[in-house]
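For reference, the structure discussed in these notes is given below.
Please treat every number below as a calculation from the coordinates, not as lab data. What you are looking at is a predicted structure, and each value in this text was computed from that prediction instead of being measured. Reconstructed Cβ throughout: ideal geometry from the backbone, glycine too, with neighbour counts over all protein chains shown.
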Amino acid sequence: METTTDGPTSAPEPSTPSLHHALSPAILRVPLVALLLALVALLPACDGTNIFTGEIVEFEPEEQDDEGEGEETIVNGGGFFDFVRQGTLLDSDDERLRFRWADGAELRLQLGDGVTARERAAFRRGVEEVARAGGPEIRIVTSRPNIVVEALAADDYRELDETRPWSFSRTWVTADRERGITEVDIALQLELDAETLDRAVLHALGHAVGIMGHPAVPGDRHVMAARVPEGTSPPTRFTDLEEQAIRFLYSQGIVPGMTHLELAERAETWTP
């Protein structure tokens, strides 16, 4: 499948960012995007949906049961490697890791003009939380980004996916087995309450650093879970399990292209 990754360019970058993947309703008529949205419809319900581009990764959620939302459920007691496996969409022994930034990559996040001071502060908190959890450093910049954020009014945001009223952020990730993640686009709904905003931002940044799936441990409240349990407040910090998964994903010796089995062997001797 054709990748949407942009190649390097020597042209000056504009001071105002634009999403690598256009968000206007007209783009929904493009066959590639229509296919991507159809694939997303197969994923579990999520209040921070994501779309991956580049090589297609097969990912089928478990069938919905009587009480659940059809989410993937972590096995083996919810160990961190099961979280990594499901979060990075490693579904078979011959699958290879692609949802990780390569060592030495400079993560440059640019906030669009529509992102207000309130949302900017939320992204600063989110970037700090990713770093605290052991993820890669993300710099907030004003030019040459590889992570672009745009904020949209509620009605405009709904046009992205009218079928998912619980969604408040969407993340597009371009990645391949050789280079890992190369660029990310994030769309965020404006005028959210404080906790929902912080959770939507952190959920999007979790996707941006490689937790593309939505692992779920029954009874636990993860930032990267598909949805916030009804009647509970949105989590605004990564749980211990999420932190361990991120630290492992960005630990020494983990690189894009590693197989599931290679990662599993590393996990056996890895200490958080």
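So which chymotrypsin sites (Phe, Trp or Tyr not before Pro) in the range 139-175 are both in a DSSP loop and have at most 14 other Cβ atoms within 10 Å of their Cβ?
Trp166
Once amide H atoms are built 1.01 Å from N in the peptide plane, which residues 5 or more positions from Leu107, or in another chain, come under 5 Å H to H?
For Leu107, the qualifying residues are Arg139.
Say each of Thr232 and Thr271 gets a label point 7 Å from the Cα, pointing the same way as Cα to Cβ; how far apart are those two points in nm?
Distance between label points: 3.1 nm.
May I ask you to evaluate 6.51 cos²θ - 1.76 cosθ + 1.60, the Karplus curve with θ = phi - 60°, for each residue of the range 116-126 and list the ³J(HN,Hα) values in order in whole Hz, giving x for glycine and proline?
7, 4, 5, 6, 4, 5, 5, 5, 4, 5, x
Loop only by DSSP, 16 or fewer other Cβ within 10 Å of the Cβ. Give me the GluC sites (Glu not before Pro) in the range 135-201 that pass, ordered by residue number.
Those satisfying the criteria are Glu137, Glu159, Glu162, Glu178, Glu191.
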